[in-house]
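**Q** My questions will all concern the structure given below.
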Amino acid sequence: MRGIPPLRIRCLIAAALTLLLPCVASRAQEKETDEVIKVNTDLVVFDAQVIDKKSKRIIGDLSKDDFEITDNGVKQQISYFSRDELPLSIILLLDVSRSVRPIIHDIRDGALNALQRLKPDDQVAVMAFASETKLAQDFTKDRALVSRKIEEATATEVLGNATFVGPALESAAIHIDHAPTPNSRRVIIIITDNIAATSDRQQHDVLDQLFDTGTVVYGLIVRATIGRVFNIVSFGQIKAINKFVDETGGEVLGAGKTEVDQRLGLIIDRLRARYAIGFRPSGSGDKNFRQVTIEVSNTKNRKTKLVVLTKRGYYLRRQSG
């Protein structure tokens, strides 16, 4: 470099560093990301609700030491515990079939009002279903946009007349895996008259997807006159969404057509009272379903029995390497 002015040499060095530093930072960031991924795949988090068995009252004053968790019968050490700290990723799944159209405006208005209970970091997607299922709005924090899409989704009959709950829930369970906030609590709230049938095979496939994504299903049952008639004729035996709700640890609430706002708001409030409980499972990942039980251990000072609502288990997916 003899003969090159010192000032120019310094400029060349600075330029070289400018080119190299982003590469070094990028590699460091990649390494850090890999480490974070490895840690996260070792942590299994269950979303749990604790209620008084008799009164159905929410119990929200428990600590980590109040819970016991077993994985395939083996007691686990709780390594993560929180309540109402994680943001929500909600898919609002709206039944727009013929049997609910007489009250679709009440459902729409109630859903629009209930959105006000969400926190700024919560994300909402909107899907509508009847004979077919359609994503009306992908996950967003824009409440005004969600409101417009709810109005659009409930103003058309293009999705048909039937009530195909199984395919709708499967589409929602697949889509929720793409929620933009990886550590969010994933919830599908389905508003329907609950008058539909699903096969055992279909239930199994949908539940596998729900377990795989850690999704909780909540149901809000709203019925027009035709829905109430079908319920009477079937002796109340047609319950399209109940198994999905029970297996994922959610709840089913009923509402009159003028109560959608209040009851949907109650669901959101109850979601806020759920616990996030995590543990690091032993063993390697496999294709087998792992049964999990979560119980409240410290009940000596309580007069009533406490029930834990949570999903039945999970599939352990470990990232290779």
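**Q** Within region 103-128, can you find the residues that are over 9 Å from Ile150 (Cβ atoms), assigned to a helix (DSSP H, G or I) and within 19 Å of the chain's Cα centre (by Cα)?
**A** The answer is Ala114, Gln116, Arg117.
**Q** Check every one of the strands (runs of 3 or more DSSP E) wholly within region 53-102 and list those with 3 or more residues that are in contact (Cβ under 8 Å) with a residue 24 or more places away in the chain and among the aliphatic types (A, V, I, L, M). Write out each step before concluding.
**A** Values: elements: 67-71, 74-76, 78-83, 88-95.
It comes to 88-95.
**Q** Output the number of the condition that Val206 fails; it satisfies all remaining conditions of (1) in contact with a Lys or Arg (Cβ under 8 Å, 6 or more places away or on another chain); (2) crowded, with 18+ Cβ neighbours inside 10 Å.
**A** That leaves (1) as the condition not met.
Results for (1) more than 15 Å from the chain's Cα centre (by Cα); (2) buried (at least 23 other Cβ atoms within 10 Å of the Cβ); (3) of a type in the set (D, E, K, R), shown as yes or no for each residue.
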position: Leu159; (1), (2), (3): yes, no, no
position: Thr163; (1), (2), (3): yes, yes, no
position: Leu169; (1), (2), (3): no, yes, no
position: Ile190; (1), (2), (3): no, yes, no
position: Asn194; (1), (2), (3): yes, yes, no
position: Arg201; (1), (2), (3): yes, no, yes
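**Q** Among (1) under 18 Å from Asp95 (Cα atoms); (2) more than 17 Å from the chain's Cα centre (by Cα); (3) aliphatic (A, V, I, L, M), which single condition is Leu145 missing?
**A** (1)
**Q** Checking the condition at pLDDT 95 or above, among the hydrophobic types (A, V, I, L, M, F, W, C) and within 30 Å of Asp200 (Cβ to Cβ), which residue from Val187, Val165, Val100 passes?
**A** Details: Val165 fails: at pLDDT 95 or above; Val100 fails: at pLDDT 95 or above.
Every option except Val187 fails the conditions.
**Q** For region 107-132: of the residues being of a type in the set (Lys, Arg) and touching a residue at least 40 places away in the same chain (Cβ under 8 Å), which is nearest to Val187 (Cα to Cα)? Give the derivation first.
**A** Restricting attention to region 107-132, the residues satisfying the condition of being of a type in the set (Lys, Arg) are 108, 117, 119.
Now restrict to residues that are touching a residue at least 40 places away in the same chain (Cβ under 8 Å): 108, 117.
On the way: Arg108: 19, Arg117: 15 Å.
Across region 107-132, the extreme among qualifying residues is Arg117.
**Q** Taking the conditions exactly as written (touching a Leu at 6+ places or on another chain (Cβ under 8 Å), in a helix (DSSP H, G or I) and either under 29 Å from Pro167 (Cβ atoms) or among the aliphatic types (A, V, I, L, M) (or both)), does Ser147 satisfy them or not? If you could, list the steps in order and put the result at the bottom.
**A** On the way: touching a Leu at 6+ places or on another chain (Cβ under 8 Å): yes; in a helix (DSSP H, G or I): yes; either under 29 Å from Pro167 (Cβ atoms) or among the aliphatic types (A, V, I, L, M) (or both): yes.
When the stated conditions are applied, Ser147 passes them.
**Q** Please determine, by comparing only the residues of region 287-315 that are of a type in the set (D, E, K, R) and at pLDDT 85 or above, which one is farthest from Lys56 (Cα to Cα). Full working, then the answer.
**A** Step one: list which residues in region 287-315 are of a type in the set (D, E, K, R), which gives 287, 290, 295, 300, 302-303, 305, 311-312.
Okay, now just the ones that are also at pLDDT 85 or above, so 290, 295, 305, 311-312.
Working: Arg290: 28, Glu295: 16, Lys305: 10, Lys311: 18, Arg312: 20 Å.
This residue is Arg290.
**Q** With the requirement that a residue be within 15 Å of Lys134 (Cβ to Cβ) and surrounded by fewer than 23 Cβ atoms within 10 Å (Cβ to Cβ), what does region 171-183 give you?
**A** Our first condition is that a residue be within 15 Å of Lys134 (Cβ to Cβ); within region 171-183, this holds for 171-172, 174-175.
Those that are within 15 Å of Lys134 (Cβ to Cβ) and surrounded by fewer than 23 Cβ atoms within 10 Å (Cβ to Cβ): Ser171, Ile174, His175.
**Q** Based on what the data block shows, is Val126 of a type outside the set (Ser, Thr, Tyr) and either touching a strand residue (DSSP E or B) at 6+ places or on another chain (Cβ under 9 Å) or not assigned by TED's automatic domain parsing to the domain that holds Arg290 (or both)? Steps first, answer last, please.
**A** Working: of a type outside the set (Ser, Thr, Tyr): yes; either touching a strand residue (DSSP E or B) at 6+ places or on another chain (Cβ under 9 Å) or not assigned by TED's automatic domain parsing to the domain that holds Arg290 (or both): yes.
For Val126, the condition - of a type outside the set (Ser, Thr, Tyr) and either touching a strand residue (DSSP E or B) at 6+ places or on another chain (Cβ under 9 Å) or not assigned by TED's automatic domain parsing to the domain that holds Arg290 (or both) - is met.
**Q** Within region 105-132, how many residues turn out to be closer than 14 Å to Gly160 by Cβ and surrounded by fewer than 22 Cβ atoms within 10 Å (Cβ to Cβ)? Step through it out loud before you land on a result.
**A** To start, the set of residues in region 105-132 that are closer than 14 Å to Gly160 by Cβ comprises 128-132.
Narrowing the set further to residues that are surrounded by fewer than 22 Cβ atoms within 10 Å (Cβ to Cβ) leaves 131-132.
Number of matching residues: 2.
**Q** Does Gln137 fit the bill of being in the same structural domain as Leu210 (by TED's automatic domain parsing) and surrounded by fewer than 17 Cβ atoms within 10 Å (Cβ to Cβ)? So that I can check it myself, show each step before the final result.
**A** On the way: in the same structural domain as Leu210 (by TED's automatic domain parsing): yes; surrounded by fewer than 17 Cβ atoms within 10 Å (Cβ to Cβ): no.
Taking the combined requirement at face value, the residue does not satisfy it.
The values are calculated or read from the model by the stated rules, or taken from the named source; none is laboratory data. Predicted, not measured: the structure shown is a model, and the values here were computed from it. Note: ideal-geometry Cβ built from the backbone for every residue, glycine included; neighbour counts use all protein chains shown.
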